[in-house]
Amino acid sequence: MNSVQPLQEYLTDMVIPEKRNAVKILPDHVTMLHGTKSKKQHTEKKRRKTKSTIMTRREYASLGLFTLPTRQLKYKEFLPLHQLWKGYAQEHLGLNEGDTIPQLHEPTYDAFSKLLVKMDLHGANIRVIESKSSTLLGLAGIIVLETKNVLKVLGEDDHLRTIPKSECNFGMRLGNIEFTIFGKHLTIRPAERSVKKIKTLVEPLKL
């Protein structure tokens, strides 16, 4: 307080004499004017900054960041994305032309299955081969958006459809190889799935 005492006196002298007794100067205000900040002020500023830089999922949704137009998207415009995805998938899975995937009884099957489940699916061309709902069977197209629980799939008819992961199993082709991916293994946010430690998979992933 000694370092700010002259400033307190200066502020009091700025007030007319008959009003000086009524003047109340808060130490935090004097500290701010003196050019330094108290620990409390630093903490409040840090809290406000942290709060303002982190968006909640509700805020993301309110800005439409998880929303796609349902009629403006064209299947043919996403074919280049699918071509990019095929190159990425071959590199991710370590496949070359003519390769075959490990069979269920082979030692490398489990590691390959985990790679398949961790793969980014944006751009993949998939179809529903099994589902609890008969209305979903046979739906196919390019995945344009993946969330924790659903896939947004753009069909060749330019219709965008929402397919729940947990209710379906998906077929996918890469070159001359076809896979089956069980939807229940995908019910994790894509960014988390790529780094999450996955337990042993027991179902065969090859058609």
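Observations on the structure shown:
- Count of residues meeting criterion [assigned to a loop (DSSP other than H, G, I, E, B), farther than 23 Å from W85 by Cα and among the acidic types (D, E)] in segment 103-148: 1
- Within this structure, G141 fails the test of being closer than 22 Å to V195 by Cβ, touching a Leu at 6+ places or on another chain (Cβ under 8 Å) and not hydrophobic (A, V, I, L, M, F, W, C).
- Residues of segment 146-166 that turn out to be among the charged types (D, E, K, R) and surrounded by 15 or more Cβ atoms within 10 Å (Cβ to Cβ), as a count: 5
- If the condition is being in a loop (DSSP other than H, G, I, E, B) and under 16 Å from K132 (Cα atoms), then segment 149-181 contributes N149, K165, S166, E167.
Values in this text are rule-based calculations from the coordinates and carry no lab data. On a predicted model such as this, the values are computed, not experimentally measured, just so you know. Note: ideal-geometry Cβ built from the backbone for every residue, glycine included; neighbour counts use all protein chains shown.
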